[in-house]
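One structure below.
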Amino acid sequence: MSDACLKYAREEHFCPHCQTRLTCCSTPPFHVGDGLGWGTDVFFVCLNNDCPLYVNGWRLVEEQYGQTASFRYMLLPGEVKGGPMMVGSQDAFTGCAVDPEAMLAKDSRYQREKAALTGLATCVAEANLEPVLYLITDEDAELEGRRRACALLAELGDIRCIDPIRNHSFRHTEIGQLAEMAIAALLKKTFQRECPYCAEIIKAQAKVCKHCGK
Ligand SMILES: [Zn+2]
Ligand SMILES: [Zn+2]
């Protein structure tokens, strides 16, 4: 969703037939009318089932076209005046409503992902675990970026990554496995290992765990 969509989703428009606020909907992936497509990502529609245009539309369409359909008032972005759009059922377009708050949340997640991806380039030089950890634990991030982040874990050699990764439940098992392998590699690289009894990090050659004494 673009910034323009977000702007439109926050606009307020009202139905001239019933004065109900129009719902901002994303355009369905089929073409209308002249076959040129919608030419827009969103449009506004009156989804009020008591709207006179909609209520009377059923009879009007039946009389004029002999079909079971009605009209909803619809307005295209940037236009002042809308018009009737034929709908075949009460549910038409009800599933396309755009939720600006959900869009914003999705957008801020995307912004963080983008920043983290940029951060990968310098994270090793800056000893910055943050972007790597973010990508590995963001299940909505692109897989390619998450794979790259896993590959950088061992290089970073920062054992603070272990707990957050272990506490995360991975939806993509591949990323979980890559992260687990990276943890094993980073422990080996720093001559450390996990105590099999208490899971604390200890020196690889330790005979007795300094944490639990086993
Ligand atoms: Zn209306
Ligand atoms: Zn121990």
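The values are calculated or read from the model by the stated rules, or taken from the named source; none is laboratory data. This is a predicted model, so every value here is computed, not measured. Quick reminder, even Gly has a Cβ in these numbers, built from the backbone with ideal geometry, and neighbours come from all protein chains shown.
Residues that are surrounded by 11 or more Cβ atoms within 10 Å (Cβ to Cβ) and either within 16 Å of ligand 2 (Cβ to nearest atom) or part of a loop (DSSP other than H, G, I, E, B) (or both) within segment 68-90 comprise Ala69, Leu76, Pro77, Glu79, Gly82, Gly88, Gln90, listed in sequence order. Using the structure shown, decide if Glu126 is surrounded by fewer than 16 Cβ atoms within 10 Å (Cβ to Cβ), not small (Gly, Ala, Ser) and not assigned by TED's automatic domain parsing to the domain that holds Leu47. So Glu126 passes the test.
Which residue pairs have Cβ atoms under 6 Å apart, sit 6 or more places apart or on different chains, and have a first residue in segment 189-209 that is more than 27 Å from Ala151 (Cβ to Cβ) and not assigned by TED's automatic domain parsing to the domain that holds Leu156 and a second that is assigned to a loop (DSSP other than H, G, I, E, B) and within 8 Å of ligand 2 (Cβ to nearest atom)? Filtered contacts from segment 189-209: Cys209/Cys195. Taken together, the residues in segment 165-182 that are surrounded by fewer than 16 Cβ atoms within 10 Å (Cβ to Cβ), under 19 Å from Arg112 (Cβ atoms) and modelled with pLDDT of 95 or more amount to 0.
Listed here are the residues, each with its yes/no results for (1) surrounded by 14 or more Cβ atoms within 10 Å (Cβ to Cβ); (2) within 19 Å of Ser89 (Cα to Cα); (3) at pLDDT 70 or above; (4) under 25 Å from the mean Cα position of the chain (by Cα).
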| site | (1), (2), (3), (4) |
| --- | --- |
| Ala9 | yes, no, yes, yes |
| Gln19 | no, no, yes, no |
| Leu36 | no, no, no, no |
| Phe44 | yes, yes, yes, yes |
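Being more than 16 Å from ligand 2 (Cβ to nearest atom), more than 19 Å from Leu120 (Cα to Cα) and small (Gly, Ala, Ser) is the requirement here; does Ala184 meet it? The answer is yes for Ala184.
Pull up segment 187-214, narrow it to residues that are near ligand 2 (Cβ under 9 Å from one of its atoms) and outside any loop (DSSP other than H, G, I, E, B), then point me to the one that is surrounded by the fewest Cβ atoms within 10 Å (Cβ to Cβ). Once the filter is applied, the top-ranked residue is Glu194.
For Arg59, state whether it is surrounded by 12 or more Cβ atoms within 10 Å (Cβ to Cβ), basic (Lys, Arg) and away from ligand 2 (no atom under 16 Å from the Cβ).
Against the criterion (surrounded by 12 or more Cβ atoms within 10 Å (Cβ to Cβ), basic (Lys, Arg) and away from ligand 2 (no atom under 16 Å from the Cβ)), Arg59 does not qualify.
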